[in-house]
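Remarks on the structure that follows.
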């Protein structure tokens, strides 16, 4: 009997040792708790770690982490914009965080780290996505409205690619269908000290401005003015080529524009995330014309990666189509899920 107990104990210890060896990352929290597992990512002030004793990944506020120990390689970004591909470990009596990249050590602190991503992550773990939907019906005049927003993003070692598609459609008896379709793709190449280069191609069609299709290609660059575990804020500028065709008009027009704008993301507000951006396009080839794109999102996180969101999108054109309005906007309330 004693022999069987000893064998069972040895097996358990062996399995436990293998589990600990497989999980090379560990965290010591400010409350003294220790978590052992595989760190997947740190983004927007929240760290995700996979453990062998839970079916779901743990998410932890980065502000609650005191020490970190890991053998894994990460993409690392600090608040001052420096970027590394290396390991991170707490060292010394002063509990400094040491980043090792190609044998070179850089001393920093836990609070200075704003982004981590495992370099051994497979293709799907580098992807992020969301989709949300809003639908409303009314018996009066058989009113129906559909709102859909979706996006897909991929993060590589030094660049990020994004694709998005948004659609709003409203119909009712005796009135022409109103629709708005907004889509595009873009990429950012990250440089040191929070500078970046950017390129994008976007498409817009909306009934209110009699815009059959606007195709806009942008090339420029920018910088993060603030990059912390509470706030992202960047500014950018460059050149834009704009080609447009209009409803019930045979002529199309093209123009060269400059663009300048800013994006602000506030995410350390409990489960609330606020994102706003404004872009201004003064034309270089059409005298007196300028355009503005504005967006505001308020997203509230729910359990199991679901969320609810309120969104306002506004487009202004000082010289629209002959039968189009200067301003078009959409205010929507949607329910969604994110990966």
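Quick note: the coordinates plus some simple rules give every number you see, no bench work behind them. This is a predicted model, so every value here is computed, not measured. We place every Cβ from the backbone using ideal geometry, glycine too, and count neighbours over all the protein chains shown.
Worth a mention:
- With contacts taken as Cα pairs under 8 Å and at least 6 residues apart, the chain reaches a relative contact order of 10 percent.
- Per principal axis, descending, Cα span of the stretch 24-121 in whole Å: 36, 30, 23
- Residue separation of residue 319 and residue 253 scaled by 0.36 nm, minus their Cα-Cα distance, works out to 22.6 nm of gained length.
- Annotation: extensible slack from residue 50 through residue 133 equals 26.9 nm (criterion: 0.36 nm per residue apart, minus Cα-Cα distance).
- Model label points for residue 331 and residue 167, set 7 angstrom from Cα along the Cα-to-Cβ axis, are 2.5 nm apart.
- Stretching the chain fully between residue 243 and residue 187 yields a gain of 18.1 nm (0.36 nm per residue, less the alpha carbon separation).
- Whether the stretch 135-276 is rounded, prolate or oblate, judged on the alpha carbon gyration tensor where a/c under 1.5 counts as rounded: oblate
- By the Kirkwood approach, averaging reciprocal distances over each pair of separate Cα atoms, the stretch 230-333 gets a hydrodynamic radius of 15.9 Å.
- Counting only alpha carbon atoms, the long axis of helix 2-22 and the longest principal axis of the chain meet at about 40°.
- Computed packing ranks the peptides 328-339, 65-76 as 65-76, 328-339, most packed first, by mean other Cβ atoms within 10 Å.
- Residues of the stretch 309-334 with amide N under 13 Å of a point placed 7 Å along Cα→Cβ from residue 178: 325, 327-332
- Pair residue 269, residue 195: separation of 7 Å Cα→Cβ label points (nm): 3.3
- Its residue count N sets the reference 2.2 N^0.38 Å, and the alpha-carbon radius of gyration of the chain equals 1.24 times that reference.
- Mean residue ellipticity (222 nm) of the chain, computed from DSSP H runs ≥ 4 via -39,500 (n - 2.57), nearest 500: -2000 deg cm²/dmol
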